[in-house]
Amino acid sequence: MSKQLKILIVDDTEQNLFLVNRFINKLGHETVLARNGREAVERAQAETFDLILMDVMMPEMDGYEATRRIREISPHWMPILFLTAKTDDADYIKGIQIGGDDYITKPINLALLEARIKAITRIAEIQQQNLENAQQLELYRNENERELQLAKHLISRITRSESTERQHVRSWNMPAQHFSGDIFISAHTPADHLHLLLADGTGHGLSAALNVFPVVEVFYGMTSKGFNISSIAQELNRKIKQLLPTERFVAATLVSLNFSEKILHIWNGGNPPALFMDEKGTIQHRWKSIHPALGIFQDHEFDARSEVFHWPDAGQLILCSDGLIEAQNRDGEEFGLGRLEHTLASAAIDQRHDALITAVRQHTAGLAAHDDVSLATIDCPASDQGDLPAQKTGIKLDHPVPEERACRWKVGLHLTAAELKEIDVVPMLLTWMDQLRLHRSHRSQIFLIFTELFNNALDHGILNLDSELKQHPDGFELYIEQRRQRLANLQHGIVEIDLERFRQQNSEILRIHIKDSGKGFDYRRYISAGISSSTRLSGRGLALVRNMCSELEYASNGSEVTVYYTLA
Amino acid sequence: MSSIQIKNTQENGKAIIYLAGRFDFNSHRQFREAYEQALKEPAIKSIEIDLGSVDYLDSSALGMLLLLREKAANASKSLALANCRGIVQQVIEVANFNKLFTIR
């Protein structure tokens with residue numbers, strides 16, 4: 001038994017009405033009766049029917065007019081069958097044109113009526129199914145829209161994309177879909193180095209945005225603790241490898257900029273070349289991708305080594321994702337690296353960023369991008385106008401520190417060659433400081449003090465490196481390379497670190513003592529160098545440390561150093 | 001939309017999968033069917049992906065190659081990429097896939 005229909009029967013002849021009604025009821029359908037066109041319109045307005053059987057010739061309003069009105073007012077499609085004595089083609093066509101669906105001629109052949117009703121039923125069922133599908137689709141669409149909104153909100157919060165306005169840095173992103181699978185984020189280390197990350201997840205849209213999720217927290221967290229970009233790259237790779245399926249990965253360029261020393265470190269895995277262009281428009285350096293993207297190699301296969309560059313003259317660092325290089329015009333021609341370099345070189349240094357955006361927009365001429373497009377330009381000035389980390393001139397100690405003192409806590413660390421090769425020591429120390437609830441306002445200064453003293457012990461004491469090397473052209477790169485080699489081949493060497501917090505008179509004091517097994521170094525030369533002599537690539541740090549601390553004492557020819565830092 | 005065309009030939013224990021056209025996410029199913037056939041055939045010892053007629057590949061294509069690399073290793077079959085030129089070669093180069101795949 002097919003489903004029960006609700007059928008409106010319209011006829012001014014009681015006999016016909018009675019006959020048809022009884023027949024249809026017998027077929028198991030529900031009926032509603034109307035005696036003229038006007039009544040039929042009222043009924044159809046009040047409720048929907050699966051079928052309307054409409055007499056044509058009626059008083060007050062005929063079947064054609066009623067059909068026309070029903071079609072006008074009803075939002076639902078209701079099949080209408082005319083019941084008529086008229087049989088010529090012109091009438092037939094008129095009825096169909098006005099909105100009828102079929103005809104049955106009088107006197108009514110009941111078998112034919114039943115067949116028509118069955119045919120109509122089938123159409124009605126399809127119609128109903130379509131309606132339900134459309135409603136379902138609308139529901140999905142709305143739900144999808146809500147989820148997209150939420151995801152957008154979350155992604156912008158997690159990537160903190162609204163707060164990336166920074167001195168020296170300009171960035172631009174053009175997503176291929178709702179979501180960008182590219183992110184560009186930046187943060188300062190406690191030593192005020194600027195870390196940048198341009199990451200491009202496989203594919204585009206929401207799934208690509210999800211790919212780059214895991215990198216964000218790692219980047220911000222490790223940067224704030226002062227880890228270098230090699231350590232960050234290593235951890236990002238491990239994390240992405242662990243979280244994402246094999247076929248998903250994240251191309252990334254990581255950069256660390258030290259504006260006061262004019263040095264940058266860079267790691268590029270899978271992104272187009274990063275460029276350093278001077279004021280004249282000459283490319284001083286290209287850092288091609290020399291690593292596979294993040295999340296491909298196992299932890300032990302991963303090469304986290306960064307490249308280092310010292311910029312002697314002002315210039316600009318330019319980073320982009322492959323979506324920019326591969327942006328196509330109407331003829332399918334890619335924007336290309338050549339056009340990128342030419343556009344940049346042809347514009348004045350402060351116009352380059354905008355000139356490139358304009359050129360890409362002109363090239364694509366409003367065509368939808370295949371992939372997310374990202375660009376970042378970073379000004380690298382010849383002299384740094386930026387602030388040094390908040391400095392507090394060390395309060396001199398009123399009294400000599402006695403041997404017997406009120407110690408609050410004490411930590412000692414003894415590191416040998418194996419650890420010195422592997423551990424990023426300073427961020428580790430800083431993490432302890434956080435655990436020991438050292439107030440955050442001291443963070444960047446203590447980070448700087450640790451970094452300076454520990455690096456001196458390691459570089460000059462253990463690795464026996466000479467800072468004079470940095471004064472030569474390309475000296476910094478040579479210095480870093482030598483450091484890398486010597487550290488890799490290191491067999492012997494000990495660095496001991498003692499930290500202690502104690503109270504003296506009314507002051508809270510942090511004592512840092514670092515001792516290495518090396519032969520010492522000419523610390524006097526570094527301390528005497530003025531803070532402002534920033535043309536030199538070394539020596540500034542130690543002078544800075546002396547200014548921040550209450551006391552700085554070298555002993556044993558420079559292989560042992562003690563500082564006292566006043567906390568409160 | 002131009003899609004990938006895959007021709008799979010097998011002889012002397014070596015399966016060559018020839019790809020042509022745009023190698024991107026839309027080729028996913030076709031590509032998987034092609035390599036799974038080669039992976040489950042015990043007589044096949046090595047698989048070569050011939051990219052000579054591919055005129056575009058994107059990062060999801062690279063992902064599919066990585067997935068195949070893992071599956072081939074699990075099935076103890078060797079894998080190589082062949083005839084990379086033009087844009088394909090550039091993409092493979094930027095991705096440093098020469099560190100991950102044998103390139104012929």
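The values are calculated or read from the model by the stated rules, or taken from the named source; none is laboratory data. Computed from a predicted model, the values in this text were never measured in an experiment. No Cβ is skipped: glycine too gets one built from the backbone with ideal geometry, and neighbour counts run over all protein chains shown. Keep in mind that these areas ignore ligands, DNA and RNA; they rest on the heavy atoms of the full protein, side chains included. Shrake-Rupley method; radii C 1.70, N 1.55, O 1.52, S 1.80 Å.
Taking the condition of being part of a loop (DSSP other than H, G, I, E, B), touching a strand residue (DSSP E or B) at 6+ places or on another chain (Cβ under 7 Å) and within 22 Å of A:Gln15 (Cα to Cα), how many residues in the range A:92-116 meet it?
2
Looking at the range A:308-326, which of the residues that are within 14 Å of chain B (Cβ to nearest Cβ) and of a type in the set (D, E, K, R) is nearest to A:His285 (Cα to Cα)?
A:Asp322
Do you know which residues across the range A:354-371 are open to solvent by less than 70 Å² (accessible area, probe 1.4 Å) and either within 14 Å of chain B (Cβ to nearest Cβ) or touching a Lys or Arg at 6+ places or on another chain (Cβ under 8 Å) (or both)?
Selection gives A:Ala359, A:His363, A:Ala365, A:Leu367, A:Ala369, A:Asp371.
So which residues in the range A:464-474 are at pLDDT 80 or above and crowded, with 19+ Cβ neighbours inside 10 Å, if there are any at all?
Residue satisfying the conditions is A:Leu465 alone.
A:Leu415 - would you say it is open to solvent by less than 30 Å² (accessible area, probe 1.4 Å) and within 16 Å of A:Gly558 (Cα to Cα)?
In short, no.
Any residue that is assigned to a strand (DSSP E or B), within 14 Å of chain B (Cβ to nearest Cβ) and open to solvent by less than 10 Å² (accessible area, probe 1.4 Å) - is there at least one of those in the range A:221-242?
No: the range A:221-242 contains no residue that is assigned to a strand (DSSP E or B), within 14 Å of chain B (Cβ to nearest Cβ) and open to solvent by less than 10 Å² (accessible area, probe 1.4 Å).
Would you check which residues across the range B:17-51 are within 14 Å of chain A (Cβ to nearest Cβ), open to solvent by less than 30 Å² (accessible area, probe 1.4 Å) and assigned to a helix (DSSP H, G or I) and list them?
Scanning the range B:17-51 gives B:Ser27, B:Phe31, B:Tyr35.
Here is a yes/no grid of residues against (1) surrounded by 20 or more Cβ atoms within 10 Å (Cβ to Cβ); (2) aliphatic (A, V, I, L, M); (3) free of Cβ contacts under 8 Å to residues at least 24 places away in the same chain:
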{"site": "A:His460", "(1), (2), (3)": "yes, no, no"}
{"site": "A:His492", "(1), (2), (3)": "no, no, no"}
{"site": "A:Ile497", "(1), (2), (3)": "yes, yes, no"}
{"site": "A:Asn506", "(1), (2), (3)": "no, no, yes"}
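Does any residue of the range A:196-205 turn out to be of a type in the set (Gly, Ala, Ser), in a helix (DSSP H, G or I) and surrounded by 24 or more Cβ atoms within 10 Å (Cβ to Cβ)?
Within the range A:196-205, not a single residue is of a type in the set (Gly, Ala, Ser), in a helix (DSSP H, G or I) and surrounded by 24 or more Cβ atoms within 10 Å (Cβ to Cβ).
Just a yes or no: is a residue in the range A:145-154 in contact (Cβ under 8 Å) with a residue 12 or more places away in the chain, open to solvent by less than 80 Å² (accessible area, probe 1.4 Å) and not in a helix (DSSP H, G or I)?
Within the range A:145-154, none of the residues are in contact (Cβ under 8 Å) with a residue 12 or more places away in the chain, open to solvent by less than 80 Å² (accessible area, probe 1.4 Å) and not in a helix (DSSP H, G or I).
If you scan the range A:258-271, which residues turn out to be open to solvent by less than 10 Å² (accessible area, probe 1.4 Å), in contact (Cβ under 8 Å) with a residue 40 or more places away in the chain and within 14 Å of chain B (Cβ to nearest Cβ)?
A:Trp267, A:Asn271, listed by residue number.
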